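Following: one structure in structure tokens, then a few remarks.
Throughout, read-outs are computed from the coordinates displayed, never taken from laboratory work. Just so you know, these numbers come straight off a predicted model, no measurement behind them. Reconstructed Cβ throughout: ideal geometry from the backbone, glycine too, with neighbour counts over all protein chains shown.
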There are 2 protein chains.
Amino acid sequence: MAQSNLESTAKHAIYQTLRRSIILGRRAPGTRLNVEELSEEYGTSITPVRDALQMLSQESLVTIQPRSGYFVTRVTLKELRDLLDLREILESAAVERAALRITDEELDALEHVHAGYTGDDDFSYDRYTEENRRFHCLIAQASGNQELTESVGHLHDRLARFMVLRRAGKTMEYTHARIIKALRAHDPTLARQAMVDEIRDAASLILDRVIQTEGSAWELGGVAQPGI
Amino acid sequence: MAQSNLESTAKHAIYQTLRRSIILGRRAPGTRLNVEELSEEYGTSITPVRDALQMLSQESLVTIQPRSGYFVTRVTLKELRDLLDLREILESAAVERAALRITDEELDALEHVHAGYTGDDDFSYDRYTEENRRFHCLIAQASGNQELTESVGHLHDRLARFMVLRRAGKTMEYTHARIIKALRAHDPTLARQAMVDEIRDAASLILDRVIQTEGSAWELGGVAQPGI
DNA sequence: TTATATCACATGATATATCAGATTGCAAGC
DNA sequence: GCTTGCAATCTGATATATCATGTGATATAA
């Protein structure tokens, strides 16, 4: 997304709000998104709504059936596995690079990401998920590669609705502390190992949870697009 | 980009044509893209032109200055370096995974990508660049990770206008043969090394060429967006 | 009762007009 | 001569109307 000051446009405000509601699971996968309803909800015409939906479709959060409808994208189990694997590829590379060049300021920032465990309610889990995203993006930023940072951020956005399923509120600070320790030691191998451990644990938990709680709704290995 | 049968829409046809002209360098970085002119050129109203430009901006090929103009995105030297580094991250991971699971059919396909060296003219270089993209996407596909495959494809699209600068028409088949040999041996370490060698050689050549031929036009380490 | 054809409606896609902000050029003041 | 302010123009952003396609419902025939 290459734009300057796009934040001043209505389409951007709608995009952000809608994106967040999809990511946080308030609009369920497969749900139809109706442009007339959305334009009433946001108090605009359908044009910026369409623009926002176009943007979301390019992030694969929304699927366009031309001339038929817009839908919140369903994710197959295969796609989820692919995303989690891609996450490992990107974030292990990021943390290796970060270990070699991270500054004290950046390390301090990492240590202040978490506001602590406050329970297992939905509100707390929204916060933990956001803090987790911030933590990992700060590491990617410390890699010095902005393209990599943006890729990591987008990946977290796409995975956010699944990250909540982990229920890792109690353990997150511990696993992140391991990563911070390796970064402080400027040890790329150790940092990579700590990161890969976290990511694989998370992937395993997410996949288990998804299969348990939504097994019957998943298109295992198939194409899960509306209308097909 | 999550859509079904989008190819039937005018916005998609415009998107593809415009995208290609940017990638092939026919619209130079920094060039203003005027919606009225484009709508006349494509014989439509400005609406699908706007849609297409929105899509291109999300791929960072176009930069939107809200209420001011659309421009072909300029890439800073830092961004180019970051992209090339991200390419190494993604493609080395892809080739490792491919080495473990590539089929004979996929290997045959790799061996038939190249139509041979035909000279140093522009037309030939367009073809080499396209063949190079296809080669690397086939490898990513052989990794079995569709998300990774798409990421590699997008990366090649963004880098296409720089890949041409390599002038690697004569050497490409040789470097690709090394990779194919390692894949045939199902040796991930060897495959990774061959891939990293190619990517680093390419990156070095591209950066040298860019600095030589366009050094004075580059915003070294700065922000190179129109109007700033 | 089932299969096929037709019609009506829903909804995205597109066209056109208007609005809103940015940019440029010119004039006045210092 | 330089700077600032204002007006005009440019151009993207948005609103509204119309078009085009897909889907579901209904009617008709076998």
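Tell me the distances, shortest first, between B:Gln193 and the same position across the other copies, using label points 7 Å along Cα→Cβ, in nm to one decimal.
2.4
What residue in chain B has the Cβ closest to the axis turning B into A, and how close is it in whole Å?
Spelled out, residue of B and its Cβ distance from the axis onto A: B:Gln58, 2.
Starting from the Kirkwood Rh over alpha-carbon pairs, what translational D in µm² s⁻¹ does the protein assembly as shown have by Stokes-Einstein at 4 °C and 1.567 mPa s?
Numbers: Rh = 23.5 Å.
Estimated diffusion coefficient is 55 µm²/s.
Could you put B:Ser60, B:Ser21 in order, starting from the residue whose Cβ has the fewest other Cβ atoms within 10 Å?
On the way: B:Ser60 19, B:Ser21 12.
Least to most surrounded, the residues fall as B:Ser21, B:Ser60.
What average count of beta carbons from other chains do you get within 10 Å of the Cβ of residues in A:143-153? Let's see the in-between values first.
Details: counts 3, 4, 9, 7, 14, 6, 2, 3, 5, 0, 0.
Other-chain Cβ atoms within 10 Å of each residue's Cβ, averaged: 5.
Starting at the first residue of region A:118-128, write each ³J(HN,Hα) from the Karplus equation 6.51 cos²θ - 1.76 cosθ + 1.60 with θ = phi - 60°, in whole Hz, x for Gly and Pro.
Each residue's phi maps through the Karplus curve to give 10, x, 10, 6, 4, 4, 4, 5, 4, 5, 4 Hz.
Under the definition of Cα pairs under 8 Å and six or more residues apart, what whole-number percent is the relative contact order of region A:8-72? List each step's numbers first, then the result.
On the way: 63 pairs, mean separation 26.5, N = 65.
Across region A:8-72, relative contact order equals 41 percent.
What average number of partner chain Cβ atoms lie no more than 10 Å from the Cβ of the residues making up B:69-79? Don't skip to the answer; put the middle values down first.
Working: counts 0, 1, 1, 0, 2, 1, 1, 1, 0, 4, 4.
Across the residues of B:69-79, the mean count of other-chain Cβ atoms within 10 Å is 1.
For A:Ser45, which inter-copy label distances result when the label point lies 7 Å beyond Cα on the Cα-to-Cβ vector, reported in nm to one decimal and in ascending order?
For A:Ser45, the other copies' label points sit at 0.9 nm, shortest first.
Over 5 Å intervals from 0, what percent of Cα-Cα pairs in chain A sits in each interval?
Histogramming chain A at 5 Å steps yields 1, 6, 13, 16, 17, 16, 13, 9, 5, 2, 0, 0 percent.
Summarise the partner chain shielding of B:53-59 as one whole number: the mean count of Cβ atoms from other chains within 10 Å of each residue's Cβ. List each step's numbers first, then the result.
Numbers: counts 0, 9, 4, 2, 6, 9, 3.
Mean shielding by partner chains, rounded to a whole number: 5.
Starting from 0.36 nm per residue, how many nanometres of slack lie between A:Asp208 and A:Thr189 once their C-alpha separation is accounted for?
Numbers: separation 19, 0.36 × 19 = 6.84 nm, distance 2.83 nm.
Taking 0.36 nm per residue and subtracting the Cα distance, the gain is 4.0 nm.
In whole Hz, with x marking every Gly and Pro, tabulate ³J(HN,Hα) for region A:192-200 from phi via Karplus 6.51 cos²θ - 1.76 cosθ + 1.60, θ = phi - 60°.
Rounded to whole hertz, the list is 4, 4, 4, 5, 4, 4, 4, 5, 5.
What are the label-to-label distances in nm, one decimal and shortest first, from B:Pro66 to the same spot in the other copies, with labels 7 Å along Cα to Cβ?
Spelled out, the distances from B:Pro66's label point are 3.0 nm.
Largest first and to the nearest Å, give the Cα extent of region B:7-72 along each principal axis.
Projected onto its principal axes, the Cα set of region B:7-72 covers 29, 26, 20 Å.
For the residues B:Leu90, B:Leu159, what sequence is obtained by ranking on other C-beta atoms within 10 Å, fewest first? Please list the in-between numbers first.
Values: B:Leu90 26, B:Leu159 22.
If I rank by nearby Cβ atoms, fewest first, I get B:Leu159, B:Leu90.
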